[in-house]
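Quick notes on the structure that follows.
The values are calculated or read from the model by the stated rules, or taken from the named source; none is laboratory data. Keep in mind the model is a prediction, meaning the values are calculated, not measured. Every residue, glycine among them, receives a Cβ derived from its backbone with ideal geometry; neighbour counts consider all protein chains shown. Please note that ligands, DNA and RNA were not included when accessible areas were found on the heavy atoms of the full protein model with its side chains. Shrake-Rupley method; radii C 1.70, N 1.55, O 1.52, S 1.80 Å.
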Amino acid sequence: MPEALPIFPLNTVLFPGMTIPLHVFEQRYRRLVSELLGPTLAGGETGGRDRGPARFGVVWIELGNEVASESGQGSGGADTGVPITAGPGARPSLPLVSATGCTALVRDVRTYEDGRYDLVIEGGTRFTITDLSEADPSSVDDYSAASVSLLPEALGPDVEEHADRVRDLYEVYQRRLSEIGMASESSGDLPRDPIALSYSVAMSVVLDSAEKQRLLEAENTATRLAVAARFLRRENRIVAAPDLPNLPAGPFLDNGISFN
């Protein structure tokens, strides 16, 4: 059954189980958070845990800007409040967002006197957008909402074989990163559950956002693990190369904070 969700476009691909901090300062998304949390939490400093889930939809920005200026225009002239998805009837405006995203649960919130928020969000369930509303680009308070269909988490064929292969490749990946002083923070034991394993690897391997989005969109867990295995083989070859060619080093250079 379709579900209505407010939409928050980000330059980050959010996976189920993934936790990230958000600093919300753009007016339209201040309004989204305020309406989502209600007046009690909107005026407090922390909370969110005892009110039940406060959920919205996060979609990756394929083209365009995540952060707008005070005028509502990004550095490239794109209005971040009017995201669109690709399709035959798509308008020639930005940002262009992916049609597959992930619900986000607010796990913690801090408010500032000037109306900004610091959030900690956790990825919940994948969805696909069936209808995306058009926000008013002339209004700094208007944000987009969407009708979405939540996606099931099917295992797919031979999932355990794919899972074993990914565990072996990931162990090599972590060892090689450690040897060059680039071990990631998520170098502990991997989940035994194939679904949780597929997302844990997807969020921790150093990949570009388009590749992360491909993993999010996989039709089932076996497919996601098979694609992750191909990426891991490639990354293992890159890390093992003597001169270590250009890596997508973003996850090693920033602290993971996303700005709206």
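Some notes on this structure:
- Cα-based Rg of region 112-175 normalised by 2.2 N^0.38 Å, two decimals: 1.90
- Exposure of residue 19 as accessible area (Å², to 10), given a probe of 1.4 Å and all protein chains: 80 Å²
- Karplus-derived 3J(HN,Hα), 6.51/-1.76/1.60, for each residue of region 211-221, Hz, glycine and proline x: 6, 4, 5, 4, 5, 4, 7, 3, 6, 7, 5
- Diffusion coefficient of region 158-221 by Stokes-Einstein, Kirkwood radius over Cα pairs, 25 °C, 0.890 mPa s: 198 µm²/s.
- ³J(HN,Hα) computed for each position of region 111-124 - Karplus, 6.51 cos²θ - 1.76 cosθ + 1.60, integer Hz, glycine/proline x: 10, 10, 4, 8, x, 6, 9, 10, 10, 10, 10, 10, x, x
- Other-chain or far-sequence residues with amide H under 5 Å of residue 97's (modelled H): 62, 84, 85, 86
- Spin-label model, residue 161/residue 108: points 7 Å from Cα along the beta carbon direction are separated by 4.4 nm.
- Amide H contacts under 5 Å for residue 146, placed H, 5+ residues apart: 5, 7, 133
- In sequence order, region 233-238 has phi-based couplings of 4, 5, 5, 5, 5, 5 Hz under the Karplus curve 6.51 cos²θ - 1.76 cosθ + 1.60, θ = phi - 60°, and Gly or Pro positions carry x.
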